[in-house]
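The block underneath contains the structure these notes are about, expressed in structure tokens.
The values are calculated or read from the model by the stated rules, or taken from the named source; none is laboratory data. Keep in mind it's a predicted model, so treat the numbers as computed, not measured. Quick reminder, even Gly has a Cβ in these numbers, built from the backbone with ideal geometry, and neighbours come from all protein chains shown. Areas reflect the complete protein model, heavy atoms only, side chains present, ligands, DNA and RNA absent. Shrake-Rupley method; radii C 1.70, N 1.55, O 1.52, S 1.80 Å.
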Amino acid sequence: MDATSAQKRIIELQNLLNQYNYEYHILDKPSVPDSEYDQLLRELIQLEEQYPEMKTPDSPTQRVGGAVLEMFEKVEHRTPMLSLSNAFNEEDLRDFDRRVRQAVGNDVSYVCELKIDGLAVSLRYEEGLFVQGATRGDGTVGEDITANLKTIKSIPLRIKKPLTIEVRGEAFMPKKSFEALNKIKEERGEEPFANPRNAAAGSLRQLDPRIAASRNLDVFLYGIADPGETGIQSHSEGLDLLDELGFKTNKERKKCATIEEVLEYIEGWVEKRPNLPYDIDGIVIKVDSLSQQAELGTTAKSPRWAIAYKFPAEEVVTKLLDIELNVGRTGVITPTAVLDPVRVAGTTVSRASLHNEDLIREKDIKIGDFVVVKKAGDIIPEVVNVLPDRRTGEEKDFMMPTHCPECHSDLIRLEGEVALRCINPKCPAQIREGLIHFVSRNAMNIEGLGEKVISQLFHEKLIEDVADLYKLTREQLLNLERMGEKSVNNLLNAIEASKQNSLEKLLFGLGIRHVGAKAAKTLAQEFGTMEALRNATYEQLTAINEIGEKMADSIVTFFEQPEVQELLAELESFGVNMEYKGPKPVSAEESNSIFAGKTIVLTGKLENMSRSEAKEKIEALGGNVAGSVSKKTDLVIAGEDAGSKLKKAQELGIEVWNEERLVEELKK
Ligand code: IVH
């Protein structure tokens with residue numbers, strides 16, 4: 001084909017494919033079969049390869065995922081990306097309505113929208129062409145994820161008018177895609193994503209756009225960054241304009257004239273929510289008129305003209321099929337409910353810990369009961385209560401065993417404890433759980449060694465203690481089920497790399513009773529080497545602020561055991577590092593930072609760093625990070641969606657910073 005006809009055909013194909021894409025992904029009305037689309041796309045790819053100069057940035061071929069990036073560039077938002085303040089009940093909503101009416105008078109109408117549970121994105125179009133897409137970041141500066149966003153087919157690469165405009169919305173992963181992705185991950189022995197939101201965020205944070213391209217992400221646009229510039233008068237007109245321009249908006253929105261109508265809308269969605277093909281975590285209520293919005297204005301963090309109603313944790317009913325017993329690393333026997341699998345708060349739940357016998361009695365749980373299940377903090381599945389009215393008489397009482405389900409030794413109940421324990425140190429279940437703990441993320445962090453692989457290795461008698469991990473050979477691993485050449489290589493590399501971990505990881509991994517990750521870090525910082533810690537006396541240990549008597553006792557006893565000494569010698573002979581490698585802690589006196597000597601609580605979602613990163617940075621400056629707010633707290637740092645801790649801080653009159661302030665102070 002000559003250049004002129006190629007050019008003509010390329011434009012024709014681009015237009016056709018863009019039209020089909022729009023019909024499929026935005027109107028949800030496909031007009032051609034997938035096979036036809038694919039064939040035309042292949043033709044276009046070929047032509048563009050032949051004539052690369054004819055490739056345009058809005059060509060549908062740009063969606064397949066281009067070159068791998070080294071890092072994401074920073075993007076300063078021209079208009080800040082604010083977040084929303086939250087309402088948790090009817091009273092909060094009525095308060096909001098009252099504040100609005102007080103400020104702008106009684107002639108108000110609201111737009112209610114679903115609060116999509118994904119991550120906020122900003123899309124910039126120049127003269128109609130998609131030029132940049134960014135994350136929210138701290139609201140002022142985000143990251144350039146254009147290449148990843150281009151792979152989302154519901155984001156138009158060119159809009160229907162040649163406008164320069166920035167639009168805001170939520171990128172998310174539909175429930176179906178999430179389940180399919182996790183299934184693949186599990187088959188590959190990889191850690192599944194906890195929920196669709198994490199999966200969407202994880203996908204968009206990949207430097208290789210081909211990953212995002214494979215993840216079936218989607219988007220809903222819900223606003224224009226500078227709506228005033230477009231000539232519209234209201235938020236609802238803005239949404240209509242987005243539709244006209246070819247963006248995907250959510251059609252479940254509703255204009256409400258009164259707060260009663262708003263409450264009704266919310267009520268309706270509490271019920272319909274589980275049937276949606278994507279997750280929502282609340283309802284957003286916005287004042288419709290732009291002039292009223294301007295009158296109400298914004299605070300540093302969020303607009304006064306909008307509020308997010310957050311749903312209470314979703315509760316579902318399912319059948320409790322059985323109660324299983326698990327033996328933990330420390331010998332504690334935990335009864336676990338085996339549930340008829342049910343979807344709750346974004347994932348399928350089939351087990352929930354029942355903690356101990358007392359709790360089972362308290363809640364009067366029987367095998368065969370219908371139970372109400374929710375996820376505490378939207379993460380950990382929990383049996384809330386049973387439904388006695390649904391009993392048939394076939395339900396069975398549960399009895400705690402008298403012997404360990406794994407090694408059959410007598411179980412005992414230690415004084416002052418509710419838990420039953422197996423105290424046989426050779427109990428295989430305890431050893432297996434100890435191995436799982438040793439490789440876990442906060443311990444030696446050996447990726448690729450999940451519960452399944454450890455159980456297999458243990459079952460095959462290839463590992464009996466943690467030192468055996470360092471003796472594993474390629475041949476042994478290749479013989480395991482579902483272990484290919486590549487995973488074996490990765491695993492051996494991960495095991496090798498773990499030898500370089502700083503001391504606290506090993507200390508925590510050894511599972512010394514009462515020594516958690518935080519104490520392990522303190523011990524590593526204080527003593528520097530395993531040898532020094534091994535020789536530490538009870539008095540030296542208790543002299544350290546955070547080490548109590550129980551822990552000191554347990555540490556001394558641990559190191560006295562000949563088996564422990566042998567194990568450590570063996571680990572050392574394999575080259576496992578026994579020294580602390582992190583920064584020396586700065587004492588409050590040595591530090592001149594604003595954080596020095598202060599007790600600080602972190603709450604809510606941080607956008608720029610994880611909470612553990614923030615904690616590390618604050619501690620490096622002599623601050624002390626605590627888990628809960630009390631009178632002793634000096635400062636609370638509240639990220640997005642901060643809840644009860646923030647409330648408590650406000651009640652106690654404790655100073656509160658937002659993330660922006662934290663970032664600023666850390667820079668000083
Ligand atoms: S409006 C200035 N509308 O919720 C107001 N936000 O803290 C900007 N979200 O991560 C937000 N669905 O991305 C708005 N229909 C919706 C939304 C929505 C989800 C997210 C938003 C942000 C968080 C608000």
Ellipsoid equivalent to the stretch 300-375 - semi-axes via the Cα gyration tensor, in Å: 33, 16, 12
How big is the stretch 485-545 on each of its three principal axes, counting only the C-alpha atoms and giving the largest first in Å? 51, 20, 14
Report P(r) for the chain: all Cα-Cα distances, bin width 10 Å, range 0 to the bin holding the largest distance, values in whole percent. 3, 12, 19, 23, 21, 14, 7, 2, 0
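Per the Cauchy relation, a quarter of the hull surface: what is the mean projected area of the convex hull of the alpha carbons in the stretch 567-648, in nm²? Could you put the intermediate results ahead of the total?
Values: hull surface 31.9 nm².
Orientation-averaged projected area of the Cα hull: 8.0 nm².
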Disulfide-incompatible cysteines by the Cβ rule (no partner under 4.7 Å) in the chain: CYS112, CYS256
For the stretch 502-606, report the accessible area per residue in Å² (1.4 Å probe, heavy atoms, rounded to an integer). 51
Please state, rounded to one decimal and in Å, the Kirkwood hydrodynamic radius that the stretch 155-217 gives when every pair of distinct Cα atoms enters the mean of 1/r. 13.3
Give me log10 I(q)/I(0) at q = 0.15, 0.23, 0.30 Å⁻¹ for the stretch 454-499, Debye formula, one equal scatterer per alpha-carbon, no solvent. -0.34, -0.82, -1.28
Counting only protein heavy atoms and rolling a 1.4 Å probe, one gets per residue an accessible area for the stretch 181-232 in Å² of 51
At a Förster radius of 30 Å, what calculated FRET efficiency corresponds to the Cβ-Cβ distance of ALA376 and GLU549, to the nearest 0.05? 0.45
Once you have all Cα-Cα distances for the stretch 253-391, histogram them in 10 Å bins from zero and send the whole-percent values. 10, 30, 25, 17, 12, 6, 0
Exposure ranking of LYS499, LYS374, LYS55 by accessible area [1.4 Å probe, largest first]: LYS55, LYS374, LYS499
Restricting everything to alpha-carbon atoms, can you work out Rg to Rh for the stretch 403-471 with a Kirkwood hydrodynamic radius? 1.04
State log₁₀ I(q)/I(0) for the stretch 510-621 at q = 0.13, 0.14, 0.21, 0.22 Å⁻¹ as given by the Debye formula over alpha-carbon point scatterers of equal weight, solvent excluded. -0.62, -0.70, -1.21, -1.27
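Please calculate how many Å² of accessible area the stretch 80-156 carries per residue, with a 1.4 Å probe and no DNA, RNA or ligand atoms counted.
It amounts to 37 Å² per residue over the stretch 80-156.
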Normalised by the empirical 2.2 N^0.38 Å for globular proteins, what value does the Cα Rg of the stretch 125-241 take? 1.19
Of all accessible heavy-atom area on the chain, the percent that carbon and sulfur account for (1.4 Å): 48
Compute the distribution of all C-alpha to C-alpha distances in the stretch 525-590, in bins of 10 Å from 0, and list the percent of pairs in each, rounded to whole numbers. 19, 45, 31, 6, 0
Contour minus end-to-end for GLU244 and ARG474, with contour as 0.36 nm per residue of separation and end-to-end as the Cα-Cα distance? 76.9 nm
Relative contact order computed over the stretch 124-272 (Cα-Cα under 8 Å; 6+ residues apart), in percent: 25
Using the alpha-carbon centroid of each, what span in Å lies between the stretch 348-417 and the stretch 1-38? 57
Contour minus Cα-Cα distance for ARG273 and ASP364 (0.36 nm per residue): 29.8 nm
Compute and list, largest first, the equivalent-ellipsoid semi-axes of the stretch 170-326 from the alpha carbon gyration tensor, each √(5λ) rounded to a whole angstrom. 34, 23, 14
Output the Cα-based Rg and Dmax of the stretch 68-112 in Å, rounding Rg to one decimal and Dmax to a whole number. 18.1, 54
Computed from the beta carbon distance with a Förster radius of 25 Å, FRET efficiency for GLN39 and GLN19 to the nearest 0.05 stands at 0.95
Subtracting the Cα-Cα distance from 0.36 nm times the residue separation, let me have the gained length for SER630 to GLU417 in nm, one decimal. 74.0 nm
Three principal axis lengths of the stretch 37-147 [C-alpha, angstrom, descending]: 65, 32, 27
What distance in nm separates the simple spin-label points at HIS403 and LYS301, each placed 7 Å from Cα in the Cβ direction? 5.7
Determine by what factor the alpha-carbon radius of gyration of the stretch 382-519 differs from 2.2 N^0.38 Å, reporting the quotient. 1.35
For every helix of n ≥ 4 consecutive DSSP H residues, a contribution of -39,500 (n - 2.57) applies; sum these over the chain, divide by its total residues, and give [θ] at 222 nm rounded to the nearest 500 deg cm²/dmol. -11000 deg cm²/dmol
Given q = 0.24, 0.29 Å⁻¹, what are the Debye log10 I(q)/I(0) values for the stretch 44-99, with equal point scatterers placed on the Cα positions and solvent ignored? -1.00, -1.12
Evaluate the charge dipole of the chain about its Cα centre and quote only its size in Debye, nearest 20, assuming +1 on the Cβ of each Lys and Arg and -1 on the Cβ of each Asp and Glu. 460
